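S.K.: Okay, here's the structure, questions in a sec.
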Amino acid sequence: MNNTVINLGLAGLGTVGSGLVKIIQENNDWIVRRLGKTLKVKTIMVRDLDKPRNVVPSADTTFTTSIEDLLGDPQIDIIVELAGGIEFPRQLITQALERGKSVVTANKALLAEHGPELFELAAAKGVGLYYEASVAGGIPIVQTLKESLAGNRIKTLTGILNGTANFIMSEMSEKGEDFSTVLAKAQDKGYAEADPTLDIEGIDAAHKLVVLIRLAYGQDFPLERLIIEGISKVDQFDISLAREFGYRVKLLAQVRDKSGLLQGGVYPALLRQDHILAKVDGPFNAILLEGNAVGPVMLYGQGAGDLPTGSAVLADIMALARTDSAPNNTGFLEARLPQAQILAPERTVFRHYFRFTVLDRPGVMASIAGVMGEHNISIAQVVQRQCAPEAGVPIVFLSHSAQMNNVSAALETIKKFSFVLAPPVHYRII
């Protein structure tokens, strides 16, 4: 890739694709100064040729509906996949790699589910498969893990990786509104899709966590083995109580190295109000990691949007344009990373928040505390609130560190008590 013009074939001209084009147009002289080459969007594949376009790269840019116009053009140096979905991008990227074309993608779902086979193919063909924009929008976490922190063993990585969920949790915490009200507000602002399932159920963050685990640990952690819990059942009552205890509730993606075994998951959890991630509000993303040499490092910024995500796509294009040797796709030498050694979810250890809604009668608290004691759960704090008799009385327990198998067993026993009026509520405390 030594030519002075780098021709791009773009699949998709939606939000991110349009942002990429805008940046290339606006910063063209700056890009040339850094790269010594000109970036040209030669061909764009779209679904509808008649749809009006807000941005057009240049007068001689070709619009097409044919995949062959991208893959079969020998002048196109890099394929940029921004179409979304899984099956079509998988087909496009596979064929591009097979034909020896490097690819830039923002598709975290595809990489989470089919990354190993695609990276293996890219290595076999000696071409690039770059994906900075797949995690946390404009935050340069992929390159940071690949290059800047490559000499570190990562001990922990905790992130707020979904702006929609973080906006909802922030609004519920600050304004006291319930989940459905804030979700509607997020949709009105364009932060949430009409079908918000991937965001609010933790699936989007889980896709991103799988990508980050590969980069941080050099292991493939299958998506289906992650703990994935969303925020759709988070109650305003628990958010308010958590604040009284000095905590904020956030949807967190986390991986930890526990004596060579990886513990990973996405779940709503309580963070101390003075924790640095507890201060990340609105639609922003943040990643806090700890390396054994560098110590703690925090990256913070916009996790979505046309220009921030387009900026990440552009960074990958420029990195590939500079590369004369084999591209650094995974950050490791192996063509296929080994399967992760995973700590079973039931063996994971956290502090815990429990809320039980019970009849107001003598002995209830003692019975619950007794079950916890039988399952090696040590109680750190207890608060009982008086409510209307027909609603029951909420009792909140905060525990010291306890293993999840003990927590699950205790909850199974407690919820069968006749005085328990509603399913117990449980959150991890980070």
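S.K.: With respect to Glu26, determine if the residue is closer than 30 Å to Leu161 by Cα and within 23 Å of the chain's Cα centre (by Cα).
M.R.: Numbers: closer than 30 Å to Leu161 by Cα: yes; within 23 Å of the chain's Cα centre (by Cα): no.
No.
S.K.: In the stretch 287-319, how many residues are aliphatic (A, V, I, L, M), surrounded by fewer than 22 Cβ atoms within 10 Å (Cβ to Cβ) and under 30 Å from Leu241 (Cβ atoms)?
M.R.: 2
S.K.: Only residues that are farther than 30 Å from Ala422 by Cβ and charged (D, E, K, R): list them for the stretch 199-223, please. Show your work before the answer.
M.R.: We begin by selecting, within the stretch 199-223, every residue farther than 30 Å from Ala422 by Cβ; these are 207-223.
Lys208, Arg214, Asp220 - these are the residues of the stretch 199-223 that are farther than 30 Å from Ala422 by Cβ and charged (D, E, K, R).
S.K.: Please verify whether the stretch 213-221 includes one or more residues that are of a type in the set (Lys, Arg) and surrounded by 22 or more Cβ atoms within 10 Å (Cβ to Cβ).
M.R.: At the first step, the residues of the stretch 213-221 found to be of a type in the set (Lys, Arg) are 214.
Narrowing further to those that are surrounded by 22 or more Cβ atoms within 10 Å (Cβ to Cβ): 214.
Scanning the stretch 213-221 turns up at least one residue that is of a type in the set (Lys, Arg) and surrounded by 22 or more Cβ atoms within 10 Å (Cβ to Cβ).
S.K.: What pairs come out if I take residues in the stretch 274-296 that are modelled with pLDDT of 95 or more and pair them with residues that are of a type in the set (Asp, Glu) whose C-beta lies under 6 Å away, six or more apart or interchain?
M.R.: Matching pairs, first to second residue: Pro296/Glu290.
S.K.: Further question on the same structure: Tell me whether the stretch 70-77 contains one or more residues that are under 17 Å from Met318 (Cα atoms), crowded, with 17+ Cβ neighbours inside 10 Å and acidic (Asp, Glu).
M.R.: yes
S.K.: Among all residue pairs at least 6 apart or on different chains, which show Cβ distances below 8 Å where the first residue, located in the stretch 401-413, is touching a residue at least 12 places away in the same chain (Cβ under 8 Å) and on the phi < 0 side of the Ramachandran plot and the second is assigned to a helix (DSSP H, G or I) and basic (Lys, Arg)?
M.R.: Short answer, once both residue conditions are applied: Gln403/Arg347; Met404/Arg347; Asn405/Arg347.
S.K.: Something else: Can you name the residue in the stretch 98-127 that is among the β-branched types (Val, Ile, Thr) and within 19 Å of Gly85 (Cβ to Cβ) and is also surrounded by the most Cβ atoms within 10 Å (Cβ to Cβ) among such residues? Spell out how you get there, then give the answer.
M.R.: First, pick out the residues of the stretch 98-127 that are among the β-branched types (Val, Ile, Thr): 103-105, 127.
From what's left, within 19 Å of Gly85 (Cβ to Cβ): 103-105.
Numbers: Val103: 27, Val104: 29, Thr105: 26.
So, considering only residues that are among the β-branched types (Val, Ile, Thr) and within 19 Å of Gly85 (Cβ to Cβ), the one surrounded by the most Cβ atoms within 10 Å (Cβ to Cβ) is Val104.
S.K.: Right, next: Contact list please: Cβ distance under 6 Å, first residue in the stretch 256-268 and of a type in the set (Asp, Glu), second residue modelled with pLDDT of 95 or more and surrounded by 14 or more Cβ atoms within 10 Å (Cβ to Cβ), pairs at least six apart or on different chains.
M.R.: Taking only residues 6 or more apart or on different chains, the pairs are Asp257/Lys155.
S.K.: Among the numbered conditions (1) at pLDDT below 95; (2) surrounded by 18 or more Cβ atoms within 10 Å (Cβ to Cβ), tell me where Gly85 comes up short.
M.R.: Going through (1) at pLDDT below 95; (2) surrounded by 18 or more Cβ atoms within 10 Å (Cβ to Cβ) one by one, Gly85 breaks only (2).
S.K.: Regarding Thr156, is this residue assigned by TED's automatic domain parsing to the domain that holds Arg214, within 17 Å of the chain's Cα centre (by Cα), touching a residue at least 40 places away in the same chain (Cβ under 8 Å) and over 20 Å from Gly303 (Cα atoms)? Even if it seems obvious, please write down each step before you answer.
M.R.: On the way: assigned by TED's automatic domain parsing to the domain that holds Arg214: yes; within 17 Å of the chain's Cα centre (by Cα): yes; touching a residue at least 40 places away in the same chain (Cβ under 8 Å): yes; over 20 Å from Gly303 (Cα atoms): yes.
In short, yes.
Residue-wise test of (1) assigned to a strand (DSSP E or B); (2) surrounded by fewer than 13 Cβ atoms within 10 Å (Cβ to Cβ); (3) under 22 Å from the mean Cα position of the chain (by Cα); (4) touching a residue at least 60 places away in the same chain (Cβ under 8 Å).
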site: Ala321; (1), (2), (3), (4): no, no, no, yes
site: Glu346; (1), (2), (3), (4): no, yes, no, yes
site: Phe350; (1), (2), (3), (4): yes, no, yes, yes
site: Val371; (1), (2), (3), (4): no, no, no, no
site: Ile377; (1), (2), (3), (4): no, no, no, no
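S.K.: Please give the helices (runs of 4 or more DSSP H) falling wholly within the stretch 189-246 in which 3 or more residues are over 15 Å from Asn166 (Cβ atoms).
M.R.: Values: elements: 197-200, 203-217, 236-245.
The helices (runs of 4 or more DSSP H) meeting that bar are 203-217, 236-245.
S.K.: Quick check on Leu118: is it in a helix (DSSP H, G or I), touching a strand residue (DSSP E or B) at 6+ places or on another chain (Cβ under 8 Å), in the same structural domain as Val80 (by TED's automatic domain parsing) and hydrophobic (A, V, I, L, M, F, W, C)? Talk me through it step by step, then tell me what you get.
M.R.: On the way: in a helix (DSSP H, G or I): yes; touching a strand residue (DSSP E or B) at 6+ places or on another chain (Cβ under 8 Å): yes; in the same structural domain as Val80 (by TED's automatic domain parsing): yes; hydrophobic (A, V, I, L, M, F, W, C): yes.
The answer is yes for Leu118.
S.K.: Do you know which of the residues in the stretch 352-363 that are part of a loop (DSSP other than H, G, I, E, B) and charged (D, E, K, R) is nearest to Leu212 (Cα to Cα)?
M.R.: The first filter runs over the stretch 352-363 and keeps only residues part of a loop (DSSP other than H, G, I, E, B), leaving 359-363.
Narrowing the set further to residues that are charged (D, E, K, R) leaves 360-361.
Working: Asp360: 47, Arg361: 49 Å.
Top of the filtered list is Asp360.
S.K.: Just to be sure, is Leu337 free of Cβ contacts under 8 Å to residues at least 60 places away in the same chain, within 19 Å of Gln219 (Cα to Cα) and outside the structural domain of Phe221 (by TED's automatic domain parsing)?
M.R.: On the way: free of Cβ contacts under 8 Å to residues at least 60 places away in the same chain: no; within 19 Å of Gln219 (Cα to Cα): yes; outside the structural domain of Phe221 (by TED's automatic domain parsing): yes.
Answer is no for this residue.
S.K.: Hey, can you tell me all the residues within the stretch 128-180 that are surrounded by fewer than 19 Cβ atoms within 10 Å (Cβ to Cβ), within 19 Å of Asp281 (Cα to Cα) and either touching a His at 6+ places or on another chain (Cβ under 6 Å) or of a type in the set (Asp, Glu) (or both)?
M.R.: Selection gives Glu174, Glu177, Asp178.
S.K.: Just give me the residues in the stretch 91-113 being under 26 Å from the mean Cα position of the chain (by Cα), without any contact (Cβ under 8 Å) to a residue 40 or more places away in the chain and farther than 14 Å from Tyr130 by Cα, in sequence order.
M.R.: Correct list: Gln91 only.
S.K.: What are the residue pairs meeting all of these: first residue in the stretch 16-30, first residue of a type in the set (S, T, N, Q), second residue part of a helix (DSSP H, G or I), Cβ atoms under 9 Å, and 6 or more apart or on different chains?
M.R.: Close Cβ pairs (under 9 Å, with a partner that is part of a helix (DSSP H, G or I)) amount to Ser18/Asp306; Ser18/Gly310; Asn27/Leu314.
S.K.: Just wondering, is there one or more residues in the stretch 200-210 that are more than 21 Å from Gly137 (Cα to Cα) and buried (at least 16 other Cβ atoms within 10 Å of the Cβ)? Spell out the reasoning first.
M.R.: Residues of the stretch 200-210 that are more than 21 Å from Gly137 (Cα to Cα), as a first pass: none.
The answer is no, given that none of the residues of the stretch 200-210 is more than 21 Å from Gly137 (Cα to Cα) and buried (at least 16 other Cβ atoms within 10 Å of the Cβ).
S.K.: Looking at the stretch 138-188 only, could you name the residues that are assigned to a helix (DSSP H, G or I) and of a type in the set (Ser, Thr, Tyr)? If you could, list the steps in order and put the result at the bottom.
M.R.: The initial filter retains those residues of the stretch 138-188 that are assigned to a helix (DSSP H, G or I), namely 141-148, 163-175, 179-188.
Passing the criteria: Thr144, Ser148, Thr164, Ser170, Ser173, Ser180, Thr181.
The values are calculated or read from the model by the stated rules, or taken from the named source; none is laboratory data. Computed from a predicted structure; not experimentally measured. Backbone-built Cβ (ideal geometry, glycine too); neighbour counts: all protein chains shown.
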